[in-house]
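*Asks:* Shown below is the structure under consideration.
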Amino acid sequence: MIKLFQSWWKKGKSPQIAELSPDNVPEHVAIIMDGNGRWARRLGLPRIVGHRNGMKAVKRATIAADDLGVRILTLYAFSTENWKRPKDEVDFLMSLPQEFLALELEELIQKGVQVRMMGHTEDLPEHTIKAMEEAIFRTKDNTGLILNFALNYGGRREITESLKGIARKIEAGEVSSVDITEDMVQSALLSAELPDPDLLIRTGGELRLSNFMLWQTAYSELWFTDLFWPEFGREHLIEAVAEYQRRTRRYGGLS
């Protein structure tokens with residue numbers, strides 16, 4: 001990591017990059033990728049053009065996160081509420097994982113990236129599931145950045161399903177209500193194997209979570225930008241991490 005930051009400095013990159021502390025890079029960064037459609041509309045283009053350019057931003061963010069030493073990058077790719085959109089747009093969005101992985105999977109493998117997904121697969125088209133399953137299988141032994149796609153994901157549904165799972169254990173006599181702890185709920189979530197996000201980024205100018213990782217982001221640092229997602233690049237991730245490093249995380253206590 002230190003050599004990486006030194007190399008950026010020697011190449012004449014922004015001093016802001018060189019001043020980042022390699023010892024305080026967020027382990028887990030989550031991003032609400034918002035603004036594809038509005039970016040396209042601003043340019044007089046169809047919304048699907050915005051989504052395709054958003055796919056390019058996914059690659060830029062993944063490479064930048066890997067270079068910075070981020071261990072986990074979770075991307076809010078499709079929410080449980082996005083089904084309300086017009087069918088032709090939903091169909092296009094469901095084709096993007098297949099298109100993205102067809103173009104980028106080999107490079108992700110070379111970089112040691114491990115692809116994961118959290119969401120409710122029972123609602124997804126078969127071609128979307130197959131594309132994700134292939135990527136997950138082919139990268140399962142990789143030890144680099146974890147690229148976690150939140151696909152057909154909703155925070156309230158996730159919490160509801162986790163509580164149903166705990167209720168079934170109570171009905172089966174495996175646990176009692178007094179045994180329920182935060183750790184038990186956490187272990188029943190879709191993200192159970194991952195630490196909570198240290199930094200949550202949202203593009204597009206909106207200042208809300210939009211049902212994304214409601215439990216997990218209880219103490220995440222939040223960073224919002226007016227940039228639309230297709231405009232988001234390496235320098236913006238660096239800017240967000242720099243802001244993260246200027247903050248003191250107290251978790252309700254004193255510094």
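The values are calculated or read from the model by the stated rules, or taken from the named source; none is laboratory data. Everything numeric here is computed off the predicted structure, so don't read it as measured data. Reconstructed Cβ throughout: ideal geometry from the backbone, glycine too, with neighbour counts over all protein chains shown.
*Asks:* Looking at the range 214-251, which of the residues that are of a type in the set (Phe, Trp, Tyr) and touching a residue at least 40 places away in the same chain (Cβ under 8 Å) is surrounded by the most Cβ atoms within 10 Å (Cβ to Cβ)?
*Replies:* Out of the qualifying residues, it is Trp229.
*Asks:* If you don't mind, there's one more thing I want to ask. Restricting the range 203-235 to residues that are assigned to a helix (DSSP H, G or I) and closer than 22 Å to Phe78 by Cα, which is nearest to the chain's Cα centre (by Cα)? Give the derivation first.
*Replies:* Within the range 203-235, the first condition is being assigned to a helix (DSSP H, G or I), and the residues that meet it are 229-231, 234-235.
From what is left, the residues that are closer than 22 Å to Phe78 by Cα are 229-231.
On the way: Trp229: 13, Pro230: 15, Glu231: 17 Å.
This residue is Trp229.
*Asks:* Enumerate the pairs (first residue in the range 157-184 and in contact (Cβ under 8 Å) with a residue 40 or more places away in the chain and over 28 Å from Phe78 (Cα atoms); second residue anywhere and surrounded by 14 or more Cβ atoms within 10 Å (Cβ to Cβ) and not aromatic (Phe, Trp, Tyr)) with beta-carbon separation below 6 Å, excluding pairs fewer than 6 apart on the same chain, so at least 6 apart or on different chains.
*Replies:* none
*Asks:* Let me ask another. What single numbered condition from (1) more than 19 Å from the chain's Cα centre (by Cα); (2) under 22 Å from Asn53 (Cβ atoms); (3) hydrophobic (A, V, I, L, M, F, W, C) fails to hold for Val175?
*Replies:* For Val175, the failing item is (2).
*Asks:* Right, another one. Can you tell me which condition Thr203 does not meet? The list is (1) touching a Pro at 6+ places or on another chain (Cβ under 7 Å); (2) closer than 18 Å to Leu151 by Cα, and all the others hold.
*Replies:* Result: Thr203 fails condition (1) only.
*Asks:* Which one is farthest from Glu231 (Cα to Cα) among residues in the range 52-81 that are over 16 Å from the mean Cα position of the chain (by Cα) and modelled with pLDDT of 95 or more?
*Replies:* Glu81
*Asks:* Please specify each residue of the range 16-62 satisfying the condition of being in a loop (DSSP other than H, G, I, E, B) and surrounded by fewer than 18 Cβ atoms within 10 Å (Cβ to Cβ).
*Replies:* Within the range 16-62, the first condition is being in a loop (DSSP other than H, G, I, E, B), and the residues that meet it are 19-21, 25-27, 33-35, 43-46.
Hits for the range 16-62 are Glu19, Ser21, Glu27, Leu43, Gly44, Leu45, Pro46.
*Asks:* Let me ask another. Could you please find all residues in the range 96-155 being within 19 Å of Val58 (Cα to Cα), assigned to a helix (DSSP H, G or I), touching a helix residue (DSSP H, G or I) at 6+ places or on another chain (Cβ under 8 Å) and not aliphatic (A, V, I, L, M)?
*Replies:* Residues satisfying the conditions are Pro97, Gln98, Glu99, Phe100, Glu104, Thr128, Glu134, Thr139.
*Asks:* When the residues of the range 105-123 are narrowed to those that are out of contact with any Pro (no Cβ under 9 Å at 6 or more places or on another chain) and surrounded by 18 or more Cβ atoms within 10 Å (Cβ to Cβ), which ends up nearest to Glu81 (Cα to Cα)?
*Replies:* Gly119
*Asks:* So which residues in the range 176-223 are aromatic (Phe, Trp, Tyr) and within 15 Å of Met33 (Cβ to Cβ)?
*Replies:* Phe212, Trp223 - these are the residues of the range 176-223 that are aromatic (Phe, Trp, Tyr) and within 15 Å of Met33 (Cβ to Cβ).
*Asks:* Condition first: assigned to a loop (DSSP other than H, G, I, E, B), of a type in the set (Val, Ile, Thr) and within 16 Å of the chain's Cα centre (by Cα). Can you find one or more residues in the range 242-252 that meet it?
*Replies:* Scanning the range 242-252 turns up no residue that is assigned to a loop (DSSP other than H, G, I, E, B), of a type in the set (Val, Ile, Thr) and within 16 Å of the chain's Cα centre (by Cα).
*Asks:* In the range 181-235, which residues are among the charged types (D, E, K, R), in contact with an Asp or Glu (Cβ under 9 Å, 6 or more places away or on another chain) and within 21 Å of Met55 (Cβ to Cβ)?
*Replies:* Arg202, Glu206, Arg234
*Asks:* Within the range 63-74, count every residue that is surrounded by fewer than 21 Cβ atoms within 10 Å (Cβ to Cβ) and either touching a strand residue (DSSP E or B) at 6+ places or on another chain (Cβ under 7 Å) or assigned to a strand (DSSP E or B) (or both).
*Replies:* Final tally of qualifying residues: 1.
*Asks:* Follow-up question, since we're still on this one. If I filter the range 167-183 for residues that are surrounded by 13 or more Cβ atoms within 10 Å (Cβ to Cβ) and within 22 Å of Glu27 (Cβ to Cβ), do I get at least one hit?
*Replies:* Within the range 167-183, none of the residues are surrounded by 13 or more Cβ atoms within 10 Å (Cβ to Cβ) and within 22 Å of Glu27 (Cβ to Cβ).
*Asks:* Also: Is it the case, given these coordinates, that Ala192 is among the small types (Gly, Ala, Ser), surrounded by 11 or more Cβ atoms within 10 Å (Cβ to Cβ), modelled with pLDDT of 95 or more and assigned to a loop (DSSP other than H, G, I, E, B)?
*Replies:* Taking the combined requirement at face value, the residue satisfies it.
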